[in-house]
Amino acid sequence: MLSKLEPSQITMYWEDIKNGIVASFPPTGMPSNEGMANILSRLLKGDMQVWTVTDESMSPRAVAVTMVLEEVASEVKNLLIYSLYGYSLVQQSLWIEGLEGLKKFAREKGCCKVIAYTKVQRVVDIARSLGCLADTTFLEWEV
């Protein structure tokens, strides 16, 4: 089951959430104390969201952090899966349920797509099995 955490829950479980974010940090940022404090602040304000995926026994299987991004030039909104961390093997049915929940939230926020970055081939394979177009390559140069 996919559940969105409330601010009090985020505060209570921050160390676990933070560890999941650090372990799955997106290529667009770098984990630092200041960055993590900023993420926590955005989570508590509601600018970012924390989602948990639990199995039928209510055991946590994964945690995801999302945020609505507006593409500046076209003003199109997308829901970015900022980080995704699995505590253990996530069953296909939970992936499907989680994705559907994120799509519903994205529609409510006026988003056109759910998007994500990953370097993990298993995540790419699972995403493709769920109908994801995974043909774009993210390019980056250090400056």
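Given the structure, is A37 over 22 Å from P7 (Cα atoms) and over 14 Å from the mean Cα position of the chain (by Cα)?
Answer is no for this residue.
Residues of region 1-30 that are in contact (Cβ under 8 Å) with a residue 60 or more places away in the chain, within 25 Å of Q92 (Cβ to Cβ) and among the hydroxyl-bearing types (S, T, Y): S24 alone.
The set of residues in region 75-113 being among the aliphatic types (A, V, I, L, M), surrounded by fewer than 18 Cβ atoms within 10 Å (Cβ to Cβ) and modelled with pLDDT of 90 or more consists of V76, I96.
M30 falls short on exactly one of the conditions (1) farther than 22 Å from L2 by Cα; (2) in a helix (DSSP H, G or I), and that condition is (2).
Scanning region 38-71 for residues that are more than 27 Å from V124 (Cβ to Cβ) and hydrophobic (A, V, I, L, M, F, W, C) yields a count of 3. Take K109 and decide whether it is touching a residue at least 40 places away in the same chain (Cβ under 8 Å) and more than 15 Å from M1 (Cα to Cα). Answer is yes for this residue. A Cβ distance below 8 Å, combined with a sequence gap of six or more or placement on separate chains, defines the contacts here; from region 31-57, residues that are of a type in the set (D, E, K, R) reach residues that are at pLDDT 95 or above and outside any helix (DSSP H, G or I) in the pairs R42/M48; R42/M67; D47/M67.
Could you check, for region 123-130, whether at least one of its residues is of a type in the set (A, V, I, L, M, F, W, C), outside any helix (DSSP H, G or I) and more than 15 Å from the chain's Cα centre (by Cα)? Yes, there is a match, as at least one residue in region 123-130 is of a type in the set (A, V, I, L, M, F, W, C), outside any helix (DSSP H, G or I) and more than 15 Å from the chain's Cα centre (by Cα). Looking at M30, M48, M67, M12, just one residue is over 23 Å from F138 (Cα atoms) and either surrounded by fewer than 16 Cβ atoms within 10 Å (Cβ to Cβ) or hydrophobic (A, V, I, L, M, F, W, C) (or both), and that residue is M12. Against the conditions (1) modelled with pLDDT under 95; (2) in contact with a Ser or Thr (Cβ under 7 Å, 6 or more places away or on another chain), V65 satisfies every one except (1).
Figure legend. Inter-residue proximity from region 119-138: first residues within 14 Å of G98 (Cβ to Cβ) and among the hydroxyl-bearing types (S, T, Y), second residues at pLDDT 90 or above and assigned to a loop (DSSP other than H, G, I, E, B), beta-carbon distance below 8 Å, spacing 6+ or different chains. No pairs are indicated. Counting only strands (runs of 3 or more DSSP E) that fall entirely inside region 33-94 and contain at least 1 residues that are of a type outside the set (F, W, Y), under 17 Å from R107 (Cα atoms) and touching a Gly at 6+ places or on another chain (Cβ under 7 Å), the qualifying elements are 76-86.
The values are calculated or read from the model by the stated rules, or taken from the named source; none is laboratory data. All values reported here derive from a predicted model rather than from experimental measurement. Using ideal geometry, Cβ is built from the backbone for each residue, glycine included, and neighbour counts are taken over all protein chains shown.
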